[in-house]
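The values are calculated or read from the model by the stated rules, or taken from the named source; none is laboratory data. Since the model is a prediction, treat every value here as computed from it, not as a measurement. Neighbour counts are summed over all protein chains in view; Cβ atoms, including those assigned to glycine, are modelled from backbone coordinates with ideal geometry. With ligands, DNA and RNA removed, areas are computed over all heavy atoms of the protein, side chains included. Shrake-Rupley method; radii C 1.70, N 1.55, O 1.52, S 1.80 Å.
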Amino acid sequence: MLKNNNKSSVIPGFYNFSEEERLETLADFAGLERSQLETLSNYGNLDKHLAHLFIENTVGVFSLPLGVAPNFVINGKPYLVPMAVEESSVVAAASHGAKLVAARGGFKARVNKNPQMTGQMQFFPDLSCDFERILSDHKEEAIAFANSGQERLLTRGGGVTNLTWYTIPELSCLVVLLHVGTCDAMGANIVNTLCEKLSVFLAKLLGNCEVGLRILTNLTLERTVEASCIISPETLSPKGDGELVVDQIIRAYEFAYFDVLRASTHNKGVMNGIDPVVIATGNDWRAVEAGAHAFAARSGSYKPLTKWSKTLKGELFGVIELPMALGTVGGVTKLHPMAQLALKILGTPTADELAEIVACVGLAQNLSALKALATEGIQKGHMGLHAKNINEQRMRVSAINE
Ligand code: MEV
């Protein structure tokens, strides 16, 4: 079929088309061959019904390799970590970093105490009204109103715990923050629903004022995770120059600390570890990415998400801290068979435990990258693995051209 560029992409009711009609329209528009349509029709390990349930206008499934990174010991517990990723050397680097850390007892990790999601409700009241007093006087009532109908969440120990607020004078608006415990759910839906419901109640109190946006923030400052590790110089380099490697890794971190161009790549390396686990467990990696980068820039300048220093004994000490809003119940996590499998491989963790695992993988990934970059460079290891990829691509292209 030939590609016809005169066809319109404005297709009324496309979302109502049956799968066959959609594929036909697509094939016609993009000039797809029968074999390409067959590729689209292969749903792999995702039930077709689920693929259509998850998103709109489904025409197929996009598969990613799922690897497993061994060697992770976190808070004394062993883990094999599933990672869904397309980039060669990422899984190998995570495993390598974890092995270095396991030699010294493994990672320590913890989420912040009483993790909470935060929703934002924007109002445009007459700011000369005494909104401070109004909100303070009605705070408990507003929290009770928001929590009404949320018995299941409350029984699990979650629910709205607090309201705080601030103004943005440049916009003449008031922002009320809703703080809510969402337990093992990521919580976006709960928070957004609560914000929409409560905003009606609060707008009335604030003189029937105009309501602006009502949505969670992905900068989940009250749902963060911290992980750390220690690596001895002997483990870092069996050649006897481990102390030098410690210094080289710290210097590599300092480069990222003082230079935003480097900080961006440093954090890309951290996310190389984080995203694949977030994806494998069916979580929202865009939310995690958005939170991570906003957190990295919270001082006003963009900084590395990890920090490397030396202990008094001359060992390498690494820390990572970032927002981590993950779920282990509900949504895709619950329905996607691969996400369920990934969670099973991880020992069916709670959302907090999963956040701890994910942070450790980010730290391990960064350790491996910095060690390679600061010593022999990454191309030797990375390109060794990448070369296989490139070779395969070349072979496929020449097979197509023959
Ligand atoms: C490549 O995917 C990731 C690295 O660039 C990370 C870094 O530079 O720290 C190797």
Once normalised by the length of the chain, the mean sequence separation of its alpha carbon contacts under 8 Å that are 6 or more apart gives a contact order in percent of 19 percent
Using label points projected 7 Å from each Cα along Cα→Cβ, tell me how many nm separate Ser309 and Thr193, to one decimal. 4.4 nm
Could you sort out which of Lys310/Lys371; Lys48/Lys268; Lys77/Lys380; Lys307/Lys371; Lys108/Lys239; Lys268/Lys371 sit more than 22 Å apart by Cα distance in this structure? Lys48/Lys268; Lys77/Lys380; Lys108/Lys239
Shape call for region 140-252, from the Cα gyration tensor axes a ≥ b ≥ c (a/c under 1.5 means rounded, otherwise prolate when a/b beats b/c, else oblate), comes out prolate
Name the residue, out of Glu222, Glu392, Glu356, whose mean-square fluctuation peaks in a Gaussian network model built on the chain with Cα pairs under 10 Å. Glu392
Suppose R0 equals 56 Å; then what is the FRET efficiency for Asn391 and Asp137 from their Cβ-Cβ distance, rounded to the nearest 0.05? 0.20
Using the basic label-point model (7 angstrom from Cα toward the beta carbon), what is the Val59 to Ala290 distance in nanometres? 2.6 nm
With θ taken as phi - 60° and the coefficients 6.51, -1.76 and 1.60, list the Karplus ³J(HN,Hα) couplings across region 111-117 in order, rounded to whole Hz; mark glycine and proline as x. 7, 5, 5, 6, x, 9, 8
FRET efficiency for Arg298 and Thr161 from the Cβ-Cβ distance with R0 = 25 Å, rounded to 0.05, comes out at 0.65
Quick check: Cα centre of region 46-64 to Cα centre of region 83-160, how many Å? 29 Å
Taking the convex hull of the alpha carbon atoms in region 233-388, what volume per residue do you get, in Å³? 140 Å³
Taking the convex hull of the Cα atoms, report for region 1-63 its projected area averaged over all directions, in nm². 4.5 nm²
Please turn the phi angles of region 12-18 into ³J(HN,Hα) values with the Karplus equation 6.51 cos²θ - 1.76 cosθ + 1.60 (θ = phi - 60°), one per residue in order, whole Hz, x for glycine and proline. x, x, 3, 5, 8, 5, 6
On the protein heavy atoms, probe 1.4 angstrom, tell me the percent of accessible surface of the chain carried by carbon and sulfur. 56 percent
Taking a 1.4 Å probe, which of Trp308, Trp165 shows the most accessible area, and what order do the others take after it? Trp165, Trp308
What percent does the relative contact order of region 126-180 come to when contacts are Cα pairs within less than 8 Å and at least six residues apart? 29 percent
Considering only protein heavy atoms, what is the solvent-accessible area of Ser299 at a probe of 1.4 Å, reported in Å² to the nearest 10? 90 Å²
Stokes-Einstein, Kirkwood over Cα pairs, region 195-240, 25 °C, 0.890 mPa s; D in µm²/s equals 159 µm²/s
Report the net charge of residues surrounding Thr328, where surrounding means a beta-carbon distance below 10 angstrom and charges are Lys +1, Arg +1, Asp -1, Glu -1. -2
For the chain, modelled as a GNM with alpha-carbon contacts under 10 angstrom, which of Cys229, Cys195, Cys173 fluctuates the most? Cys173
Surface per residue (accessible, 1.4 Å probe) for the chain, Å²: 52 Å²
Given Cβ point charges of +1 (Lys, Arg) and -1 (Asp, Glu) and nothing else, what value in debye, to the nearest 20, does the dipole of region 270-322 about its Cα centre take? 280 debye
Stretched out fully, how many nm does the piece from Glu33 to Tyr257 gain, at 0.36 nm a residue minus the Cα gap? 75.6 nm
Give the cross-link partners of Lys303 among the aspartates and glutamates, using a straight C-alpha distance below 17 Å as the criterion and excluding same-chain residues fewer than 8 apart. Glu226, Glu254, Asp259, Glu289, Glu321
If you line up the Cα atoms of the chain on their principal axes, what length do they span on each, largest first, in Å? 70, 69, 41
Say each of Ile11 and Ser128 gets a label point 7 Å from the Cα, pointing the same way as Cα to Cβ; how far apart are those two points in nm? 5.7 nm
